[in-house]
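Here's the structure we're looking at; comments come further down.
The values are calculated or read from the model by the stated rules, or taken from the named source; none is laboratory data. The structure displayed is predicted, hence computed values, not measured ones. Positions of Cβ are backbone-derived with ideal geometry, glycine not excepted, and every protein chain shown enters the neighbour counts.
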Amino acid sequence: MDPTRRRIRKIDRDTQRFVARALGNTHLSLSDYDMIHTVQHRPGITQEELRRKYAQDKSTIARRAAKLEAQGYLERRPHPEDKRRKQLFITEKGRAVRNAKVDAETFYFEWLTAELTGEELAALCPVLDRIQLRSRDERRQEFVRLLEVYTQTHSRKKT
């Protein structure tokens with residue numbers, strides 16, 4: 001039984017809905033924003049590195065990168081050592097939309113926590129930090145340990 005009753009996921013979904021409405025119709029999906037965010041933090045990342053990071057097939061990443069390039073959010077350049085590989089860089093337009101998304105999220109989280117007391121925030125933030133760090137650390141290990149446990153405990157439940 002999930003003691004959180006998926007509340008973290010529900011808050012995340014509400015946040016994304018707010019951001020989409022606050023930014024207007026940008027025609028960008030959450031996956032598009034994620035790619036823009038990643039390229040912002042890792043200039044020159046290759047499409048293959050993105051494919052591994054997101055565990056998606058090559059054509060999905062290539063189509064998304066081409067779409068974001070056509071819309072002016074990213075720039076694709078040939079890799080200096082292998083012209084068949086493409087490196088991705090964020091454009092000013094990409095940086096602006098990424099920053100607007102971060103600003104809208106920050107506004108929403110400030111609103112969401114505005115009615116909490118200082119004591120409640122002092123209790124909440126360290127717990128959120130622990131949860132986020134645990135999630136981040138497992139993600140950085142590509143979920144190997146967690147997937148192993150999941151497979152062991154859920155293999156007989158498959159339909």
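Brief remarks follow.
- Single condition Arg6 does not satisfy, out of (1) at positive phi; (2) surrounded by 16 or more Cβ atoms within 10 Å (Cβ to Cβ); (3) of a type in the set (D, E, K, R): (2)
- Hits in the stretch 56-82 - residues which are at pLDDT below 95 and assigned to a loop (DSSP other than H, G, I, E, B): Gln56, Asp57, His79, Pro80, Glu81, Asp82
- Looking only at the stretch 113-159, and only at residues there that are of a type in the set (A, V, I, L, M) and farther than 25 Å from Thr38 by Cβ, the one that is surrounded by the fewest Cβ atoms within 10 Å (Cβ to Cβ): Ala114
- Pairs meeting the criteria (first residue in the stretch 46-61 and over 12 Å from Met35 (Cα atoms), second residue surrounded by 15 or more Cβ atoms within 10 Å (Cβ to Cβ), beta carbons under 6 Å, at least 6 apart or on different chains) are Lys58/Arg51.
- Subset of the stretch 63-107 that is among the hydroxyl-bearing types (Ser, Thr, Tyr) and out of contact with any strand residue (DSSP E or B) (no Cβ under 6 Å at 6 or more places or on another chain) - its residue that is nearest to Asp14 (Cα to Cα): Thr106
- Residue among Leu128, Leu112, Leu133, Leu88 that is assigned to a helix (DSSP H, G or I), out of contact with any His (no Cβ under 6 Å at 6 or more places or on another chain) and closer than 19 Å to His41 by Cβ: Leu133
- Test for Tyr73: is it in contact with a Phe, Trp or Tyr (Cβ under 9 Å, 6 or more places away or on another chain), surrounded by 11 or more Cβ atoms within 10 Å (Cβ to Cβ) and in contact (Cβ under 8 Å) with a residue 40 or more places away in the chain: no
- Considering residues of the stretch 20-45 that are in contact (Cβ under 8 Å) with a residue 60 or more places away in the chain and in contact with a Leu (Cβ under 9 Å, 6 or more places away or on another chain) only, the residue surrounded by the most Cβ atoms within 10 Å (Cβ to Cβ): Ile36
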